[in-house]
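Below is one structure, written out as structure tokens; comments come after it.
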Amino acid sequence: MKLELTGEIPLNFDIRKASADDVRRGESLVIPATLALLLVAFGSLIAALIPLAVGQLAIATTLAIRDSWRSAGTCPFWFRIWPPCLGWV
């Protein structure tokens, strides 16, 4: 017997999993290429790593702030008209 689930929840799960896999694969290609270009541009490993580190820190900070707003069940005033907040409140 084979059991398959359909509907919005399984579909969203599959889409998120496929998106996460695509992002992981894309990052594994783009980050080394970016580092190589930055090495050529700056001529130093440390100087090339700084923009990558700042970018990673910005992404991590943004995700942490977003998750703290979600867990609090609130949304900042300036985001009330922005679509990502519509489902939060």
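Arranged from fewest to most other beta-carbon atoms within 10 Å of their beta carbon, 6, 61 become 6, 61. A full extension of the chain between residue 17 and residue 34 corresponds to an added length of 3.6 nm, given 0.36 nm per residue minus the alpha carbon distance.
Values in this text are rule-based calculations from the coordinates and carry no lab data. Note that the structure is a prediction, hence the values are computed from the model and not measured. Heads up, the Cβs are rebuilt from the backbone with ideal geometry, glycines too, and the neighbour counts pull from every protein chain shown.
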